[in-house]
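This report concerns only the one structure given below.
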Amino acid sequence: MKKFAMWSMIVLLCVILTGCGKCEHEYDNGVITKEPTCTEEGEKTFTCSLCEETKIESVVKKPHTYKEEITKEPTFEEEGERTFTCKDCDDSYTESIPVRDDEVVVTVTDKSNLPKDINAGRYSDIINLTFDVLNRSDKVIKGIQGNLSICDLFGEEILKVSCDFTGNSIPVGESITIDDLGMEINQFMDSHVKFYNTDFSDLQFKYEVTNIVYDDGSSMKEQSSTESIEGQKVIVTVDDKQNLDINYNVGRYSPRVEFVFGVYNNTSKDIKGVQGTLTIKDLFGVDIMSLGLDFTGQTIPANSSVVFDDLGFDINQFMDDHVKVYSTNLEDLQFEYEVTSIVYTDGTTE
């Protein structure tokens with residue numbers, strides 16, 4: 001017994017002196033004892049709960065946090081350069097920016113503030129901008145649709161507004177000046193007030209083109225598929241537009257728009273009346289307004305057409321869509337007519 005007790009004491013002493021001996025260590029979850037950076041690995045220390053022995057494992061580096069900056073603007077002849085710099089360690093690399101191939105280049109060349117003046121019909125402050133619009137495409141441009149971003153001195157966006165250029169043809173390789181576009185200032189919107197109060201020299205402008213309409217009728221956007229006129233029983237075209245001013249002597253108490261329509265009967269029966277909806281779109285195909293429009297009072301012979309020249313609507317000057325239709329030239333409008341009902345002279349309907 002004494003010999004067994006002595007050997008037990010010896011084993012116990014060995015365990016005390018050598019920690020866990022041949023037993024597995026029981027390490028904790030570890031703690032970060034050296035934070036990793038984007039240039040150096042970190043360290044994580046694990047401690048055995050039985051003997052307090054420690055081990056260290058490396059922690060992978062953090063990724064670089066790059067800030068992008070255009071350090072050389074591309075031109076139409078030379079590539080530009082974009083530099084990425086890590087904000088933590090200043091590591092950097094560059095990427096080239098392709099030579100510009102923009103079909104349209106829009107530059108803001110001036111800004112003028114017009115204070116509110118009730119006598120001049122200005123009921124709020126107004127900002128007018130002057131644009132230079134360059135056509136670098138190989139076709140005459142009829143209209144440009146896009147968005148103008150207005151940024152402060154540091155490139156932070158103040159506001160972004162839609163900005164379209166219509167009413168002027170831009171010849172191939174030439175530029176035009178547009179100085180009659182601007183915006184009314186809402187004094188309760190901080191972005192508007194900041195734009196109004198900031199000097200032109202402390203502003204930056206970026207114009208993003210979203211669509212171009214060319215003089216030949218084509219556009220930059222792919223045209224959405226539309227129903228072919230083949231097979232349509234009635235085709236309606238708008239051939240002319242006339243604006244009529246207020247004239248109390250003839251009983252016209254508001255401005256009026258009248259259209260000349262061509263109505264084509266592609267059926268084998270005479271048509272007595274057509275019912276449908278006319279949608280009026282802007283140059284870029286964006287809906288301005290829709291209204292019910294019926295053609296009655298004239299028989300439309302089979303496989304023939306007639307002209308209706310006395311249809312239109314009165315303009316409500318407090319409705320923007322009415323004013324836009326009235327103010328826009330016919331060639332800058334698009335029309336779609338959807339037939340909802342046809343009445344034939346034999347009394348049948350569709």
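Overview of results
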read-out	value
Pairs where the first residue, in the stretch 241-260, is free of Cβ contacts under 8 Å to residues at least 60 places away in the same chain and within 11 Å of Tyr326 (Cβ to Cβ) and the second is aliphatic (A, V, I, L, M) and part of a strand (DSSP E or B), C-beta under 6 Å, 6+ apart	Arg256/Leu244
Enumeration of residues in the stretch 76-90 that are among the hydrophobic types (A, V, I, L, M, F, W, C) and under 30 Å from Val105 (Cβ atoms)	Phe76, Phe84
Residues of the stretch 133-168 that turn out to be under 16 Å from Ile212 (Cα atoms) and of a type in the set (Asp, Glu), as a count	2
Criterion (touching a His at 6+ places or on another chain (Cβ under 9 Å) and of a type in the set (S, T, N, Q)) met by exactly one of Asn186, Asn197, Asn119	Asn186
Hits in the stretch 287-321 (condition: free of Cβ contacts under 8 Å to residues at least 60 places away in the same chain, within 36 Å of the chain's Cα centre (by Cα) and over 13 Å from Phe261 (Cα atoms))	Asp287, Ile288, Met289, Ser290, Leu291, Gly292, Phe313, Phe318, Met319, Asp320, Asp321
Residue that is surrounded by 17 or more Cβ atoms within 10 Å (Cβ to Cβ), touching a helix residue (DSSP H, G or I) at 6+ places or on another chain (Cβ under 9 Å) and not β-branched (Val, Ile, Thr), where the choices are Leu283, Leu278	Leu283
First in the stretch 172-199 and in contact (Cβ under 8 Å) with a residue 40 or more places away in the chain and within 25 Å of Gln145 (Cα to Cα), second anywhere and charged (D, E, K, R) and exposed (fewer than 14 other Cβ atoms within 10 Å of the Cβ), Cβ under 8 Å, 6 or more apart	Asp179/Asp110
Identity of the residue in the stretch 216-251, of a type in the set (D, E, K, R) and at pLDDT below 90, that ends up farthest from the chain's Cα centre (by Cα)	Glu230
Residues of the stretch 286-343 that turn out to be in contact with a Gly (Cβ under 6 Å, 6 or more places away or on another chain) and hydroxyl-bearing (Ser, Thr, Tyr), as a count	4
Candidate set from the stretch 118-176 (those that are exposed (fewer than 15 other Cβ atoms within 10 Å of the Cβ) and of a type in the set (A, V, I, L, M, F, W, C)); member that is nearest to the chain's Cα centre (by Cα)	Val161
Within the stretch 70-103, tally of residues that are under 30 Å from Pro36 (Cα atoms) and of a type in the set (Gly, Ala, Ser)	1
Scan of the stretch 92-117 for residues that are exposed (fewer than 14 other Cβ atoms within 10 Å of the Cβ) and either at pLDDT below 90 or closer than 21 Å to Phe165 by Cβ (or both), ordered by number	Pro98, Val99, Asp101, Asp102, Thr107, Thr109, Asp110, Ser112
Failed criterion for Leu203 (all others in (1) modelled with pLDDT of 95 or more; (2) loosely packed, with under 15 Cβ neighbours inside 10 Å; (3) closer than 23 Å to Glu73 by Cα hold)	(2)
Subset of the stretch 180-200 (residues that are buried (at least 16 other Cβ atoms within 10 Å of the Cβ) and of a type in the set (Phe, Trp, Tyr))	Phe195, Tyr196
Filter pass, Lys139 being of a type outside the set (Phe, Trp, Tyr) and touching a residue at least 24 places away in the same chain (Cβ under 8 Å)	yes
Residues located in the stretch 314-336, provided they are surrounded by 14 or more Cβ atoms within 10 Å (Cβ to Cβ) and assigned to a loop (DSSP other than H, G, I, E, B)	Ile315, Thr328, Leu333
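Residues checked against (1) free of Cβ contacts under 8 Å to residues at least 24 places away in the same chain; (2) among the aliphatic types (A, V, I, L, M); (3) not in a helix (DSSP H, G or I):
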{"position": "Phe76", "(1), (2), (3)": "no, no, yes"}
{"position": "Thr85", "(1), (2), (3)": "yes, no, yes"}
{"position": "Asp88", "(1), (2), (3)": "no, no, yes"}
{"position": "Ser96", "(1), (2), (3)": "yes, no, yes"}
{"position": "Lys111", "(1), (2), (3)": "no, no, yes"}
{"position": "Ile127", "(1), (2), (3)": "no, yes, yes"}
{"position": "Val133", "(1), (2), (3)": "no, yes, yes"}
{"position": "Gln145", "(1), (2), (3)": "no, no, yes"}
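The values are calculated or read from the model by the stated rules, or taken from the named source; none is laboratory data. Here the structure is a predicted model, which means the values were calculated and not measured. A quick note on method: Cβ atoms are made from the backbone with ideal geometry, for glycine too, and the neighbour counts reach across all protein chains shown.
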